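Let me begin by presenting the structure, written as structure tokens, before commenting on it.
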Amino acid sequence: MNDVLRQRLFGSAVELWDPVTLSISGAIVVLVGLSGGLLWLLQKRKILAPETATDAFGRWKSWTWLSLCMLLPVLLGPVFTIAAVTLLSLGGYREFARATGLFRHFLISTAVVAGILLVNFAVLDHFDRLFFATAPLTIALVTVLSIPQDRPTGYLQRIALGAIGFLLFGFSFAYIGNMTNAPGYRPFLLLMLLAVSSSDIFAYCFGKAFSRHPLLPNTSPGKTVENAMGSLALTTLLVMAGGHFVFAGTPMGLWYRLLMLGLLIGFLGQLGDLVVSSIKRDVGIKDTGVLIPGHGGLLDRFDSLLLVPPAVYHFLSLHLGPLGEETPARILTGG
């Protein structure tokens with residue numbers, strides 16, 4: 001294995017020990033520990049009702065495992081991050097296909113799965129032209145693949161579901177892996193994941209404490225104006241505080257750009273949640289799965305991440321230059 005391939009697969013050990021990376025990783029571990037201790041104290045003092053405490057502890061245990069599942073691949077290196085993203089995409093699409101009935105259409109699902117594998121291979125290869133071409137190519141394949149079956153009834157619905165399934169759960173998630181092409185990717189990728197996860201936590205806490213005015217009751221009965229605005233404000237502050245260190249000395253370090261980045265993550269995170277809520281309400285289900293206790297399925301937990309990665313990738317590229325521009329390209333296919 002040559003040095004270029006080793007660097008691409010596992011990253012730099014020097015970058016792993018970067019103080020900002022270690023600080024964010026430590027902050028995630030500390031927050032998980034403190035939140036568990038706080039819940040235990042509230043339960044012991046009988047401040048929380050038994051059913052509320054049980055629900056909160058179930059969620060905390062899930063959050064602990066989810067935090068490790070997000071943190072460890074990023075720290076271990078690009079190949080682990082890309083592998084985790086690929087599994088998340090396939091798992092997310094599986095839940096979507098089962099919820100909408102698309103799994104019954106084998107050819108379309110095969111095309112979507114092939115597109116997910118191809119776009120993540122393009123990420124690993126650092127083949128940007130293939131990465132961006134994967135979206136139109138996969139959608140074109142979804143559009144024509146079932147035509148020979150001569151079943152025009154339901155055609156538009158089938159291809160629309162296939163296209164949405166790939167774009168949301170394949171192409172969008174793949175941007176996370178694509179960020180690993182940038183040198184020193186760990187700090188800003190961890191900051192993005194921390195902000196998206198915290199956005200959910202902030203919304204949950206505000207919802208328990210200050211819920212008064214429903215935001216979109218038919219789409220998401222539990223979401224209120226108060227928890228939406230509170231989550232947006234705190235997520236933005238978190239991104240600005242963390243971004244001050246992550247982007248120090250770069251054009252992204254300016255406070256108003258960090259403000260825009262924070263608002264972007266906070267706003268799109270909540271929109272992603274509403275997208276999945278809309279899908280669930282449309283097909284008449286409460287959760288997309290039962291994989292994660294206290295959270296439902298993968299999409300119930302990672303819905304806030306759906307729309308964020310492409311926006312963050314292009315926002316950073318706008319101000320820092322194309323991410324990964326200075327690193328070797330096509331390391332596997334040799335372009």
- Task: Specify the residue that is farthest from the chain's Cα centre (by Cα); the eligible residues are those in the stretch 246-291 that are of a type in the set (Lys, Arg), assigned to a helix (DSSP H, G or I) and over 27 Å from Phe315 (Cα atoms).
- Result: Arg281
- Query: Considering only residues of the stretch 9-35 that are small (Gly, Ala, Ser) and at pLDDT 75 or above, which is surrounded by the most Cβ atoms within 10 Å (Cβ to Cβ)?
  - Reply: Gly11
- Output the qualifying pairs, or none if there are none: Cβ atoms under 7 angstrom, residues six or more apart or on different chains, first residue in the stretch 216-237 and touching a residue at least 24 places away in the same chain (Cβ under 8 Å), second residue of a type in the set (A, V, I, L, M, F, W, C) and not in a helix (DSSP H, G or I). Lys223/Leu215; Lys223/Leu216; Ala228/Leu215
- Item | Filtered residues of the stretch 103-123 (kept if of a type in the set (A, V, I, L, M, F, W, C) and buried (at least 21 other Cβ atoms within 10 Å of the Cβ)) | Ile108, Ala111, Val112, Ile116, Val119, Ala122, Val123
- Query: Does any residue of the stretch 287-299 turn out to be crowded, with 17+ Cβ neighbours inside 10 Å, over 27 Å from Ser23 (Cβ atoms) and among the β-branched types (Val, Ile, Thr)?
  - Reply: yes
- Note on the structure: In the set Ala248, Ala241, the lone residue that is more than 11 Å from Leu191 (Cβ to Cβ), surrounded by fewer than 14 Cβ atoms within 10 Å (Cβ to Cβ) and modelled with pLDDT of 90 or more is Ala248
- Any residue at all in the stretch 270-278 that is within 15 Å of Phe188 (Cα to Cα), modelled with pLDDT of 85 or more and in contact with a helix residue (DSSP H, G or I) (Cβ under 6 Å, 6 or more places away or on another chain)? no
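The values are calculated or read from the model by the stated rules, or taken from the named source; none is laboratory data. The structure displayed is predicted, hence computed values, not measured ones. Positions of Cβ are backbone-derived with ideal geometry, glycine not excepted, and every protein chain shown enters the neighbour counts.
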